[in-house]
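What follows is a single structure, written as structure tokens, with notes after it.
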Amino acid sequence: MKETAQKQVVIVGGGSAAWSCAAALSCNKNLHITLVDSSKIKSIGVGESSLPIIRDFHKKFRLFEEQNWIERVGGIIKYTLEFEDFMEEKGSRWVHPLSAYKEYEEFMTLKHLSTLPHLELTERFFYTQNLCNTKFSDNTNDNLALGAYHFDAKRYAQELQKIALSRGVEHIDAKIVSINQDENITQSLVLEDDRVVEGDLFIDCSGFQNILFKNLKTNFLSFEERLFCNKAMAIKLPYVDIPKQKRNATLAKALKNGWVWHTPLEDVLALGYVYSGKHTNAQDAKDEFFAYLQKSFGYKDLDATQLHHVEYRSGVHEHSWIGNNIAIGLASFFIEPLESTGIALFEIQIMELAKILETNPAFAHNYMHQYNATVLGYILSVKDFIEMHYILSQREDSPFWRDASTIEPNALQKKLVELYRLEKFEEILRLRVSGIFSTLSWLHLLHGNKK
Ligand SMILES: Cc1cc2nc3c(=O)[nH]c(=O)nc-3n(C[C@H](O)[C@H](O)[C@H](O)COP(=O)(O)OP(=O)(O)OC[C@H]3O[C@@H](n4cnc5c(N)ncnc54)[C@H](O)[C@@H]3O)c2cc1C
């Protein structure tokens, strides 16, 4: 970095990762931030279910402190993730409570674990029962202080944009047509109107376009050999049965070639079928998805032109920080939407980066290796957790499930399964599993998928 008073940070992209990054880093007065995106290139537009870390993120960067902010993003509160039919074709269900409740953590003491004849975790816990199954929690501030949120991705990014701009972030709406890079150092971006944007530090939030990173010498670690889903089709539909559909939970329902997300928002239900393009094609996946929507909720005359198709690559850049380039969000990694981890992980990336830039922006690059190792550790541990949903499945009703459930567990996954079989719950809880999911979450996953 150049030794000037304020460091010039250039963020590329205008999706939720870019605006989260701009809003967060704008708290640091040693930085001058310019964000370049093109309104002609759409953001991914999905990613509407968050994890509790979002509350830490908002708090740390003083975002959404005012009342009723959730209404401006069409959001509701989320307490759990729920999984149906992952274990067997019909009828299996388990609940992953977000480890956000102090009371719940306290309830899960080893005393309870050893006295319960069977590990009936969520079912026995009245609080979760109450929150998940009996009533819908509305957006009061008390409720908002727990759990996580569902929101409209576009509106969330727009609100972050307002905050960032009010804090002095400069916004340029133009397509980037070329990049001046020498080895691993980016000097400037060239825009469609020939303007040149220079900077000290460049943050790539350009999603799957990966425009800064694609020409750098990086090692992309693909997850596709163990995680088969690589396509999705999303749609938003009006509620037809509010008590059944509008719940404080993200529901994942397994179908023959993947699974469907149900993310209830304030006025509309967001749905999407995540599937393996190696096991089915878009036409058959659409038929399967629409048949499910019709059968489960009675939706008729569904319009295929309303579907938003997304193709993704599952994996991560081994180094998300190279030279003066840092990739954040989809430009850096994507695992798959199960357990809704995309936003949480980019929030961790931003918090780690903000910490480094707060300490000493001029020498930030000294922390590059540490940053890369930390970020990669989080992402790989989430990957392990997500893989387990498939490994533990015993579905045999389609080639997709037969392939997915025969993946060989790695050493950690094997150890956890073994400890669980031996009912060594205390040992599981004592294991040090890094990442956003605690050993309690692993315990739920193992318990929820046991025969
Ligand atoms: C199917 C699917 C479902 C998901 N569900 C969830 C979920 O439930 N929960 C969750 O936490 N995460 C989820 N995610 C992840 C989530 O969508 C992303 O983490 C989040 O949207 C951030 O995306 P992004 O900002 O990195 O990229 P994008 O939203 O794609 O933004 C990229 C930006 O780069 C800009 N850009 C690109 N090229 C150029 C150029 N040449 N010039 C100028 N600008 C350019 C575009 O204009 C755009 O604004 C999901 C992802 C997928 C694929």
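Out of the DSSP beta bridges found with both residues in the chain, what percent are antiparallel (nearest 5)?
70 percent
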Using the 10 angstrom Cβ neighbour count as an exposure proxy, how do I335, I356 rank, fewest first? I356, I335
Explain nothing, just the number: dipole magnitude of the chain about its Cα centre with +1 on each Lys and Arg Cβ and -1 on each Asp and Glu Cβ, in debye rounded to the nearest 20. 480 debye
Rounded to whole Hz, the Karplus (6.51, -1.76, 1.60) HN-Hα couplings of segment 396-401, x for glycine and proline: 10, 8, 7, x, 4, 6
So what does log10 I(q)/I(0) come out to for segment 134-245 at q = 0.19 Å⁻¹, using the Debye formula with one equal point on every Cα and no solvent? -1.19
Among I54, A23, A5, pick out the residue whose Cα is farthest towards the positive end of the charge dipole of segment 1-58, where Lys and Arg carry +1 and Asp and Glu carry -1 on C-beta, about the Cα centre. A5
Please work out whether segment 162-205 counts as rounded, prolate or oblate from its C-alpha gyration tensor, where a ≥ b ≥ c are the square roots of the eigenvalues and a/c under 1.5 means rounded, while otherwise a/b larger than b/c means prolate and anything else oblate? oblate
How would you order 46-57, 86-97, 227-238 from highest to lowest mean count of nearby Cβ atoms within 10 Å? 46-57, 227-238, 86-97
Relative contact order in percent for segment 248-399 (Cα pairs under 8 Å, 6+ apart) equals 17 percent
Can you give me the angle between helix 153-166 and the longest principal axis of the chain, using Cα atoms only, in degrees from 0 to 90, rounded to the nearest 10? 40 degrees
For the chain, find the longest principal axis of its Cα atoms and tell me its angle to the long axis of helix 411-421, 0 to 90°, nearest 10. 30 degrees
Evaluate the relative contact order of segment 318-409 (contact order divided by residue number), counting alpha-carbon pairs under 8 angstrom at least 6 apart; express in whole percent. 27 percent
Global geometry of segment 308-451, whether rounded, prolate or oblate, following the gyration tensor of its Cα atoms and the 1.5 cut on a/c: oblate
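Pairs K7/K355; K231/K253; K42/K162; K42/K244: which are spaced more than 23 Å apart, C-alpha to C-alpha? Spell out each step's value before the answer.
Values: K7/K355 15 Å; K231/K253 16 Å; K42/K162 19 Å; K42/K244 32 Å.
Where the Cα-Cα span goes over 23 Å, the pairs concerned are K42/K244.
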7 Å from Cα along Cα→Cβ at both K42 and E225: what's the point-to-point distance in nm? 3.4 nm
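Using a ≥ b ≥ c from the Cα gyration tensor of segment 188-232 (square roots of the eigenvalues), is it rounded, prolate or oblate, where a/c under 1.5 gives rounded and otherwise the larger of a/b and b/c decides, a/b for prolate?
Prolate.
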Charge dipole (segment 286-405, unit charges on Cβ, about Cα centre) - positive-most of V310, S320, A354: A354
Using Cα pairs under 8 angstrom and six or more residues apart, how large is the relative contact order of the chain, in percent? 21 percent
Filter K217/K286; K278/K450; K40/K256; K90/K415; K236/K414; K78/K217 down to the pairs with a C-alpha to C-alpha distance above 32 Å, please. K217/K286; K40/K256; K236/K414; K78/K217
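Taken together, the values in this text are just the output of simple stated rules run on the coordinates, not laboratory data. As the structure is a prediction and not an experimental result, all values here were calculated from the model. Note: ideal-geometry Cβ built from the backbone for every residue, glycine included; neighbour counts use all protein chains shown.
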